[in-house]
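Read the figures in this text as sums done on the coordinates, not as results from a lab. Since we're looking at a predicted model, the values are computed, not measured. Reconstructed Cβ throughout: ideal geometry from the backbone, glycine too, with neighbour counts over all protein chains shown.
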Amino acid sequence: MGKLSELVELVSGSPQFRITEVFDKETPLFTYYSQINLTDDLLGISSKNVDNKQVRTNDKVNTLCDGDVVFSLITGIATIVRKEHVGYLYTQNYVKLLPKNNIDSKFLVYILNENKKIKKQFLLGLQGSQVLKYTLKQLKDLEISKIPSIDKQKIIGQVYFNQLRLQTIKNRVAELETKIILNGLEGASEND
C-alpha cells in the first residue's frame with residue numbers, strides 16, 4: 001500500500017491563461033487536448049468534426065506523447081494518449097502521469113477509472129467543495145492498495161481496453177441497426 005505519487009511522476013498541464021498567443025504564421029501552432037479527445041483515446045475511436053481550439057505561441061508548453069497516461073481533473077477519468085493526439089497541448093485541467101518501474105500504463109488507467117476504493121477516496125475529497133473538480137493534491141495522495149505482478153497488470157490492462165473498445169463497437173452496431181429499422185418503418189408507413 002502506498003500513495004500514487006510513489007508510483008508515478010505527476011506533470012501538470014500548462015496554465016491556459018498564462019500562454020502568450022502570437023499571431024505570426026512562423027510561430028508554432030498547438031492544438032488543445034480536449035475531453036472528446038480523452039474519451040476517443042479511452043474507447044479507441046475517432047469522433048468526427050471535433051472542433052479543437054488552437055493557439056500559436058513561442059512559450060514552452062506541455063504536450064502529449066504517444067502512450068502517455070493522462071488524467072482529467074474535470075471528469076476524474078484517465079486514458080492513454082494515442083498517435084492521433086501526439087503533440088497536443090494539455091492545460092492545467094489535465095495531469096500527465098509517468099509510471100515508475102513495475103507499473104503498467106493500461107493497468108494504471110484501469111485502477112484510476114474502475115477501482116472502487118479509489119472512487120470512494122475521490123468522492124470523499126469532493127465533499128464540501130463548491131466546484132466539482134479534482135485536484136492535483138487529491139491525485140497525489142490517492143492510497144493505492146496492493147498491486148499485482150507486472151505480468152498480471154499487463155493482462156488486466158489489456159483486457160480492460162479491449163473490453164471498452166468491444167462495448168463501443170457493439171453500441172455503434174446497435175445504433176446503426178436501430179437507424180436501419182426506423183428508416184424501414186418510415187418507408188413502410190409512407191407507402192399506405
Select from VAL109, SER145, ILE155 the residue farthest towards the positive end of the dipole of the chain; place +1 on Cβ of Lys and Arg, -1 on Cβ of Asp and Glu, and compute about the Cα centre.
-> SER145
Between GLY13, GLY2, THR39, whose Cα lies farthest towards the positive end of the dipole of the chain when Lys and Arg beta carbons carry +1 and Asp and Glu beta carbons carry -1, centred on the Cα centre?
-> GLY2
Taking amide H positions as placed in the peptide plane 1.01 Å from N, state which residues far from SER14 in sequence (5 or more) or on other chains have amide H under 5 Å from it.
-> ASN62, TYR90, THR91, GLN92
May I ask you to list, by number, the DSSP H helices of the chain whose Cα span along the axis is at least 30 Å and whose average Kyte-Doolittle hydropathy reaches -0.5 or more?
-> 150-190
Taking only the alpha-carbon atoms of region 1-118, what semi-axes of the equivalent ellipsoid follow from 5 times the gyration tensor eigenvalues under a square root, in whole Å, largest first?
-> 27, 16, 12
Listing ASP24, ASP104 from the residue with the fewest other Cβ atoms within 10 Å to the one with the most, what is the order?
-> ASP24, ASP104
Cα-derived Rg over Rh, computed across region 102-192 with Rh taken as Kirkwood radius | 1.26
Computed about the Cα centre, the charge dipole of the chain from +1 Lys/Arg and -1 Asp/Glu charges at the Cβ has a magnitude in debye, to the nearest 20, of 860 debye
Could you name the lysines whose alpha carbon sits less than 27 Å from that of LYS117, not counting residues in the same chain fewer than 8 places away?
-> LYS3, LYS96, LYS100, LYS106, LYS133, LYS137, LYS140, LYS146, LYS152, LYS154
Sequence of LEU123, LEU142 once ranked by neighbouring C-beta atoms within 10 Å, starting from the fewest | LEU123, LEU142
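Taking the Cβ of VAL86 as the center, what net charge do the other residues with Cβ under 12 Å away carry, scoring Lys and Arg +1 and Asp and Glu -1? Numbers along the way, then the final one.
Values: positive: ARG82, LYS83; negative: ASP41, ASP66, ASP68, GLU84.
My count for the surroundings of VAL86 gives -2.
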